[in-house]
Amino acid sequence: MNRWKPLISGSVFVALLSSICIWHRAHAIQESIHDRATAALQAAGIPPSSIAVVGRNIILTGFQGSREASPDAQAAVRGTWGVGEVSVKFRELPPAPKLSPAVLLENDLVLSIAKKPVEFEPGRTDLTMAGKTAIDGVRDRIARCASCEVSIEAHTSNEGDPAANLALSTRRAETVKKYLVSHGIDETRLAAQGFGGASPVADNSTAEGRARNSRIEFKVKERVNR
């Protein structure tokens, strides 16, 4: 039996060496395929996606609709020498961040008054009919968000005396607040502040710019429990 041990040991060694050689060769082939596939994507102007090589087959990973996982990417890789099947594995998109009720309401109010600005009679605190309609358009939105506090901020152009503009803007903010309260909005949820012409959003040298600067804005925050 002892005379067979060297032969058996030699056979085991040869088999092990052969397995290692086969594994290295297969690994080298996969690396070569990976490199050629990456080069093919780059040549096609497509950013290399996550490329997995299984045997001679390739799996491209990317988001749905991305170039990295597009039919063009698959065609570029499929034309590479040595590549077998090409498939795609789509990544799941991360969940969209959840916006707070205050952020959602403020965005809603910004869009609403962009379409229908709150207007006043020139140089006065009286709302025009269009101004009342604009406030009516935001009233229900404010009412639905009971957890929100709304700051009404009034601005003017820089025409005239700065102190007078500040006083006018303050009274206009209070006018909007009173209108909302008279139409069912809890007064404790509302604040009013005037800024005069301190925060322009347009060029005051033109009539159009001055009209844009004379405006009402709404800022919203989560209501603190009282």
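Can you name the residue in the range 60-119 that is among the acidic types (Asp, Glu) and assigned to a helix (DSSP H, G or I) and is also surrounded by the most Cβ atoms within 10 Å (Cβ to Cβ) among such residues? Break it down into steps so the answer makes sense when it comes.
Just the residues of the range 60-119 that are among the acidic types (Asp, Glu), to begin with: 68, 72, 85, 92, 106, 108, 119.
From the residues that got through so far, the ones that are assigned to a helix (DSSP H, G or I) too are 68, 72, 106, 108.
Working: Glu68: 19, Asp72: 14, Glu106: 21, Asp108: 17.
The residue in question is Glu106.
Taking the condition surrounded by 15 or more Cβ atoms within 10 Å (Cβ to Cβ) and either of a type in the set (D, E, K, R) or modelled with pLDDT under 75 (or both), does Val53 pass? Even if it seems obvious, please write down each step before you answer.
Values: surrounded by 15 or more Cβ atoms within 10 Å (Cβ to Cβ): yes; either of a type in the set (D, E, K, R) or modelled with pLDDT under 75 (or both): yes.
When the stated conditions are applied, Val53 passes them.
Within the range 190-214, restricting attention to residues that are at pLDDT 95 or above and not small (Gly, Ala, Ser), which residue is surrounded by the fewest Cβ atoms within 10 Å (Cβ to Cβ)?
Of everything passing the filter in the range 190-214, Gln193 is surrounded by the fewest Cβ atoms within 10 Å (Cβ to Cβ).
Any idea which of Arg124, Arg144, Arg78, Arg139 is in the same structural domain as Val54 (by TED's automatic domain parsing) and among the charged types (D, E, K, R)? Outline the logic, then answer.
Values: Arg124 fails: in the same structural domain as Val54 (by TED's automatic domain parsing); Arg144 fails: in the same structural domain as Val54 (by TED's automatic domain parsing); Arg139 fails: in the same structural domain as Val54 (by TED's automatic domain parsing).
Matching residue, one of Arg124, Arg144, Arg78, Arg139: Arg78.
Quick one: is Asp72 outside the structural domain of Ser205 (by TED's automatic domain parsing), free of Cβ contacts under 8 Å to residues at least 40 places away in the same chain and among the acidic types (Asp, Glu)?
Considered against the rule, which asks whether it is outside the structural domain of Ser205 (by TED's automatic domain parsing), free of Cβ contacts under 8 Å to residues at least 40 places away in the same chain and among the acidic types (Asp, Glu), Asp72 comes out as yes.
With respect to the numbered conditions (1) under 28 Å from Ser205 (Cα atoms); (2) free of Cβ contacts under 8 Å to residues at least 60 places away in the same chain; (3) not basic (Lys, Arg), which one is the sole condition not fulfilled by Ile152?
Just one mismatch for Ile152, condition (2).
Here is a list: Asn107, Asn158. Which entry is free of Cβ contacts under 8 Å to residues at least 24 places away in the same chain and assigned by TED's automatic domain parsing to the domain that holds Arg212?
Asn107
Quick one: Tyr179 ticks every box in (1) within 33 Å of the chain's Cα centre (by Cα); (2) aromatic (Phe, Trp, Tyr); (3) assigned to a helix (DSSP H, G or I) bar one, so which box is it?
Checking Tyr179 against (1) within 33 Å of the chain's Cα centre (by Cα); (2) aromatic (Phe, Trp, Tyr); (3) assigned to a helix (DSSP H, G or I), the one that fails is (1).
I'd like the full set of residues that are touching a Cys at 6+ places or on another chain (Cβ under 8 Å) and surrounded by 19 or more Cβ atoms within 10 Å (Cβ to Cβ), limited to the range 215-226. Walk me through it before giving the result.
Of the residues in the range 215-226, the ones touching a Cys at 6+ places or on another chain (Cβ under 8 Å) are 220-223.
Matches in the range 215-226: Val220 only.
Of (1) out of contact with any Leu (no Cβ under 7 Å at 6 or more places or on another chain); (2) on the phi < 0 side of the Ramachandran plot; (3) in contact (Cβ under 8 Å) with a residue 12 or more places away in the chain, Phe120 satisfies all except one. Which?
Only one criterion in (1) out of contact with any Leu (no Cβ under 7 Å at 6 or more places or on another chain); (2) on the phi < 0 side of the Ramachandran plot; (3) in contact (Cβ under 8 Å) with a residue 12 or more places away in the chain is unmet by Phe120, namely (1).
Exactly one of (1) assigned to a helix (DSSP H, G or I); (2) more than 30 Å from the chain's Cα centre (by Cα) is unmet by Ile142. Its number?
(2)
Please determine, by comparing only the residues of the range 182-209 that are assigned to a helix (DSSP H, G or I), of a type in the set (D, E, K, R) and under 32 Å from the mean Cα position of the chain (by Cα), which one is farthest from Arg144 (Cα to Cα).
First, pick out the residues of the range 182-209 that are assigned to a helix (DSSP H, G or I): 182, 187-189, 207-209.
Narrowing further to those that are of a type in the set (D, E, K, R): 187, 189, 208.
Subset that is under 32 Å from the mean Cα position of the chain (by Cα): 189, 208.
On the way: Arg189: 12, Glu208: 34 Å.
Here the answer is Glu208.
The values are calculated or read from the model by the stated rules, or taken from the named source; none is laboratory data. Just so you know, these numbers come straight off a predicted model, no measurement behind them. Glycine also receives a Cβ, built like all others from the backbone with ideal geometry; neighbour counts cover every protein chain displayed.
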